[in-house]
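Some notes on the structure that comes next.
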Amino acid sequence: MSSAVKWMVLVVAVLAALVVVELLRRLLRSRRVNGRFSLAGPIVERCTWPGFATAGLVAFETVYVPGMSGQFANAAVEQIAAVLLIISSAWLIIQAAYAVTDVVLERLHGVEGDANRRARRIRTQITLVRRVAAAVIILIALGAIMFTFPAVRALGAGLIASAGIVGVVAGIAAQSTLSNLIAGLQLVFSDAIRLDDVVVVDNEWGRIEELTLTYVVLRLWDERRLILPVSYFTSTPFENWTRHGSRVIGHVTFSVDWSVPVADLRAELYRALREHPLWDQKDWTLQVTGVLPNGLVELRALMSASDAPSVWDLKCDMREHMVDYVRRNHPEALPRFRVEDVPEPRRIVGVRGVRSAAGGHVGRAGSDGRDT
């Protein structure tokens with residue numbers, strides 16, 4: 001068989017492989033298959049291009065005959081084809097794994113209520129595990145690519161023999177990175193934090209937006225992003241408001257005059273809470289929590305909501321409502337400072353005259369200081 005015929009057969013084989021992948025893609029996108037299997041859409045979305053690349057390279061490796069490119073170019077063509085096949089295969093495996101996990105993550109994303117905490121834990125673990133798997137596949141692919149070179153293959157025995165020493169040196173050099181990797185696995189599988197958890201770190205309130213092997217992205221309430229190493233959460237105390245549930249109790253304090261009718265304010269708070277959509281219909285109270293030295297009393301209103309953002313909005317609404325209620329209905333209870341007007345003592349301008357022991361008369365001092 002001539003060289004031209006061999007190349008023609010090779011081209012036909014590669015084109016046939018690409019046509020097969022395209023037919024499979026169209027089949028998965030059809031309504032009959034896509035409507036029945038939820039995995040079809042993510043596979044088409046993620047695996048189309050790596051599938052084309054892998055199928056074409058597999059067909060090339062299968063049909064290619066040594067010597068088709070000439071004596072000098074043959075080794076280079078085989079080397080390049082092998083490297084590209086390893087890369088495309090690793091790409092296809094990673095994308096397929098992501099496609100499968102995307103279906104699970106999409107189902108867990110819509111879980112609400114009591115199952116939300118467990119769903120967020122599984123989402124966090126799946127996200128981290130597939131990143132670890134992708135890193136492992138990439139490392140294996142790099143190792144396979146290196147061993148396609150004869151010079152590296154010859155050094156394989158020496159590298160294996162010195163693996164212990166290299167491992168020690170690499171461990172010392174990458175100590176911080178390894179500690180973050182271990183800390184990331186510890187956080188995820190100990191269920192200390194999960195994606196979308198509400199945490200307070202260094203007096204900053206936010207949600208866990210991204211959790212990787214080396215760092216954690218915290219989305220703050222004002223849309224800033226606080227990026228912290230994973231090891232921070234294993235060595236520094238932090239608050240997790242959604243560790244066992246997202247429900248939060250908030251409080252609002254008021255300083256009012258002693259004349260305030262506490263019972264009326266308590267009844268008005270309960271009425272306002274019952275009409276507010278953010279109150280979860282569970283906890284509430286209004287108590288006198290202190291007597292201040294400036295002549296005021298301190299009231300504290302407690303209220304609960306389903307999560308931290310809801311309780312923040314509920315607190316602001318109730319504070320505004322109660323301030324307006326006291327102002328309109330009990331203006332005498334508004335905070336005020338009392339000042340008592342104490343009269344000044346009477347000034348003594350003189351004393352009546354008395355007789356001295358000698359029988360003389362002592363005069364009374366006049367206003368000008370002279371005796372009279």
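The values are calculated or read from the model by the stated rules, or taken from the named source; none is laboratory data. All of these numbers come straight from a predicted model, not from anything done at the bench. Note: ideal-geometry Cβ built from the backbone for every residue, glycine included; neighbour counts use all protein chains shown. Just the protein is used for accessible areas: all its heavy atoms, side chains included, with ligands, DNA and RNA removed. Shrake-Rupley method; radii C 1.70, N 1.55, O 1.52, S 1.80 Å.
Structure notes:
- Packing-based ranking of 28-34, 127-133 yields 127-133, 28-34, ordered from highest to lowest mean Cβ neighbour count within 10 Å.
- Net charge over other residues, Cβ less than 15 angstrom from the Cβ of N74 (K, R count +1; D, E count -1): -1
- Computed label-point distance, nm, for sites E210 and A16 using a 7 Å Cα→Cβ extension: 4.5
- When the GluC sites (Glu not before Pro) in region 188-283 are filtered for DSSP coil states and for at most 16 other beta-carbon atoms within 10 Å of their beta-carbon, the remaining sites are E223.
- Rounded to the nearest 0.05, the FRET efficiency derived from the C-beta distance between A133 and I227 at R0 = 25 Å is 0.60.
- T289-R328 FRET efficiency (beta carbon distance; Förster radius 35 Å; 0.05 resolution): 0.90
- Full extension of the chain between V77 and I140 yields a length gain of 20.4 nm, computed as 0.36 nm times the residue separation minus the alpha carbon distance.
- Rolled with a 1.4 Å probe across the full set of protein chains, the surface gives H109 an accessible area near 110 Å².
- Distance between the modelled labels on S38 and D264, one decimal in nanometres: 5.6 nm (7 Å Cα→Cβ projection).
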